[in-house]
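**Student:** Before I ask anything, let me first share the structure, which is written out below as structure tokens.
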Amino acid sequence: MTALAAVVLSLLIQAALLARQQSVLLLPLTATPASATLAPLPTLTPTSILPTPPLPDERILSQEILDLRAELRRVWSAYYLMRAAAQLADADDALQVNELNEVERILITVRVSLDQAYALSTEQDKGPIGEFRMQISEVREDLQVRPEGMTQRLQRLRQDMLSLVEEQP
């Protein structure tokens, strides 16, 4: 979220600077008494106009946009991983009170969050996220048949997800 806020803030600053550069230089009007003679208005010479800085190369702007998009995708992927980890904590809580149907429902939402994280992740993170998805499917299959040891599996899986989020730059 911090990175997203930084991106939005930098875009707003760039827009403000661009608007300021494009504003027209206006001279203030002064009121003159009726009896005074009008002095000629100063004329603008080409040297009195501030030069505009050169526009950045479009290739640089394109690359910056691509970099910002990649960063935004990384942030969203981390968000969905964090959401999946929080949902696993909810599943563990439901398991503690023996609500197996609720645990199964939560595991389905964990899988959806992991699918979204996978779709937005970088190539290097697709492998671990794909592994998390397989583990969630295995947990769902084992839930009704072998619920013993499920708490440890959920906690380990949650910790692995949080570790992956912490590893991301």
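**Student:** How many percent of the accessible area of segment 53-102 is carbon or sulfur, using a 1.4 Å probe?
**Tutor:** Exposed carbon and sulfur together represent 56 percent of the surface.
**Student:** Among residues other than D90 whose Cβ falls under 13 Å from its Cβ, what is the net charge (Lys/Arg +1, Asp/Glu -1)?
**Tutor:** Neighbour charge sum, excluding D90 itself: -2.
**Student:** What accessible surface, in Å², does a 1.4 Å probe find on T2, ignoring ligands, DNA and RNA and rounding to the nearest 10?
**Tutor:** In the full protein context, T2 sits at about 120 Å².
**Student:** Explain nothing, just compute: Karplus ³J(HN,Hα) = 6.51 cos²θ - 1.76 cosθ + 1.60, θ = phi - 60°, for every residue of segment 75-92 in order, whole Hz, x for Gly and Pro.
**Tutor:** 5, 5, 4, 5, 4, 5, 5, 5, 5, 5, 5, 5, 5, 5, 5, 5, 5, 5
**Student:** Taking 22 Å as R0, compute the FRET efficiency from the Cβ-Cβ separation of A89 and E123 and round it to 0.05.
**Tutor:** E between A89 and E123, to the nearest 0.05, is 0.20.
**Student:** Same structure, new question: Name the residues of segment 122-151 whose amide N is less than 11 Å from a point 7 angstrom out from the Cα of L100 along the C-beta direction?
**Tutor:** Counting backbone N atoms under 11 Å from the label point, the list is 142-148.
The values are calculated or read from the model by the stated rules, or taken from the named source; none is laboratory data. Since we're looking at a predicted model, the values are computed, not measured. With ideal geometry, Cβ positions are generated from the backbone for all residues, glycine too; neighbour counts draw on all protein chains shown. When the accessible area is computed, the model is the full protein with side chains, heavy atoms only, and any ligands, DNA or RNA have been set aside. Shrake-Rupley method; radii C 1.70, N 1.55, O 1.52, S 1.80 Å.
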